[in-house]
């Protein structure tokens, strides 16, 4: 857990988050009370978090739980999802990834290339 002069000060302490919970979204108040009391959230709490426009308050709550569970330690993983091709026939209007066969930037890896990328 952190405190001190700024959110960037990594000194561990036992007093909890450096800043108190604040939000303009009244729907988050009961959720915050449950989170801070260590109570389990229900479906409706999840909807309140999902629908809230106050991303900073949602992040504060997530960080509160993370610090309770793990202290001032964060975990991450390296995503090794390999896309052997970006050639796509679906042509979804929202996709910025897929390319038509033969177009600029289109690629298809040989099996050996995919294995090398994974190694």
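For 103, 52, the sequence from fewest to most other C-beta atoms within 10 Å is 103, 52.
Given the C-alpha centroids of segment 41-119 and segment 18-39, what is the distance between them in whole angstrom? Comparing the Cα centres of segment 41-119 and segment 18-39, I get a distance of 27 Å.
Against the empirical 2.2 N^0.38 Å (N residues), segment 78-119 has a Cα radius of gyration ratio of 1.29.
A simple spin-label model places the labels of residue 75 and residue 91 4.5 nm from each other, with each point 7 Å out along Cα-to-Cβ.
Each reported figure results from applying straightforward, stated rules to the coordinates on display, with no laboratory input. Just so it is clear, the model here is predicted, and its values are computed rather than measured. All Cβ positions, even for glycine, are placed from backbone atoms using ideal geometry, and neighbour counts span all protein chains on display.
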